[in-house]
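Below is one structure, written out as structure tokens, with a few remarks after it.
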Amino acid sequence: MKRTLRFITFSCTLLVLLFVFAPAYVFAAGNKEQAVYEPSIQILDSRQRLISLNEPPERIVSLSPNITEILFALGLGDNIVGRTDYCDYPVEASAIPSMGDLFSPSIEMIVASEPSLVILSTLGQSQTIDAIEQTGIPVAFFNEAETLEGTYRLIESVGKITGTYEQALYSTETMRSLVEKIRTIIVGLPKPSVYYVAGFGEWGDFTATGDTFINDLITIAGATNIAENGKNWMFQAELILENDPEIIILPPSWGSTFELTHQQFSTMEPYKHLQAVKNGKIYPFDNGMLERQGPRSALAVLNLAKLFHPSIQWETIE
């Protein structure tokens, strides 16, 4: 009888102990499980879609040239397993398999590359995003304002989603420092009038209007864009003649060279009557550096400032 009572007492004590400590054990175990599965990276993209990743992506497909540049600048070139036909900088990008063009990349090739993440920028299309997401692959779409400040945010967003935020901050801080030095040097200097040639001739005149990223860079570099009041890259030849810019920035036409593009532009009506043409103030420029929001944008400001203010000893800040 005593043995039975001792067994009953022991059993009751054990039940009490389990009742007291089991919740703590379960809670601790639950927390441990949560720590394992809780996403380590979370960020809202430009669609206000929450992108969650358990770990930094090891395999990335970039479907925008500027995103490819940013990834390389953050030391992630080896993580890129897919790009577009237009992702041509840095030169190492050419060794990465292309998924197709900007507007209709191959979804089959993207899936076959087994990416942990696909990143698109301003040229991304909703149909492409939907098609990729339907396969279960996470997609981050970043579309920041077409300003230098927007560029900083873009780089930092890519840094957050890829687990390289510290590197991204270092990159943007370095860019900010360079741009601030340029601002300090050119403050109070005369601002030459400038026209950026994005297209000319029989198909119409197109330029960096006031709502473009290039306009922001031209302004920061210390010049006045004659098309700053225009919109959507559209301009009229009459307005070019009326404003008669002191400086013309002329990137090579697609598939051509600066020399051929320069010859065509400077001998064609009505452009041949412009003072910049007569004075030999037509300059080539790397349109990839100038048009893409990315890590080379601060360098684009510096190179523009050199054109606009050639008397400055720019070597001191390089």
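Quick note: the coordinates plus some simple rules give every number you see, no bench work behind them. Bear in mind the structure is a predicted one, so any value in this text is a computation, not a measurement. Glycine gets a Cβ as well: all are built from the backbone with ideal geometry, and neighbour counts include every protein chain shown.
Within the listed set T84, T68, T135, the residue fluctuating most in the Gaussian network model of the chain (springs between alpha-carbon atoms under 10 angstrom) is T135. Applying 1/(1 + (r/R0)^6) with r as the Cβ-Cβ distance of R153 and W254 and R0 = 45 angstrom yields a FRET efficiency of 0.90.
Shape of the range 42-172 from the C-alpha gyration tensor: rounded (a/c under 1.5, with a ≥ b ≥ c the square roots of its eigenvalues).
Loop only by DSSP, 12 or fewer other Cβ within 10 Å of the Cβ. Give me the GluC sites (Glu not before Pro) in the range 155-249 that pass, ordered by residue number.
E202
Taking the range 177-202 and a reference point 7 angstrom along Cα→Cβ of T316, the backbone N atoms nearer than 17 Å belong to 178-190. Among beta bridges from DSSP that stay inside the range 42-172, the antiparallel ones total about 25%. Along the axis of the charge dipole computed for the chain (Cβ charges of +1 for Lys and Arg, -1 for Asp and Glu, origin at the Cα centre), the listed residues P251, T151, L302 are led at the positive end by T151. Taking every DSSP beta bridge that has both ends in the range 190-310, the antiparallel portion is near 30%.
In summary, the aspartates and glutamates within cross-link reach of K281, defined as a Cα separation below 15 angstrom excluding same-chain residues under 8 places away, comprise D244, E246, E259.
In a GNM of the chain with a 10 Å cut-off on Cα contacts, which of L189, L169, L76 has the highest mean-square fluctuation? Ranking L189, L169, L76 by mean-square fluctuation puts L189 first. The shape of the range 137-191 comes out oblate: with a ≥ b ≥ c from the C-alpha gyration tensor, a/c is at least 1.5 while a/b does not beat b/c. Classified by the C-alpha gyration tensor, the range 190-310 has a rounded form. Its axis ratio a/c, with a ≥ b ≥ c, is below 1.5. Between I43, I161, I214, the GNM of the chain built on Cα springs shorter than 10 angstrom shows I43 fluctuating the most.
Full extension of the chain between K272 and E238 yields a length gain of 10.9 nm, computed as 0.36 nm times the residue separation minus the alpha carbon distance.
To the nearest ten degrees, helix 148-161 and the longest principal axis of the Cα atoms of the chain are 30 degrees apart.
Modelled spin labels at R183 and S40, positioned 7 Å past Cα toward Cβ, are 3.7 nm from each other. Over 30 Å apart at the Cα level, from the set K191/K278; K160/K191; K160/K231; K231/K306; K231/K278, are K160/K191; K160/K231.
What you get for the chain, charging only the Cβ of Lys and Arg (+1) and of Asp and Glu (-1), is a dipole of about 1580 debye around the Cα centre. DSSP beta bridges in the chain, what fraction antiparallel, as a percent rounded to 5? Beta bridges within the chain, antiparallel portion: roughly 30 percent.
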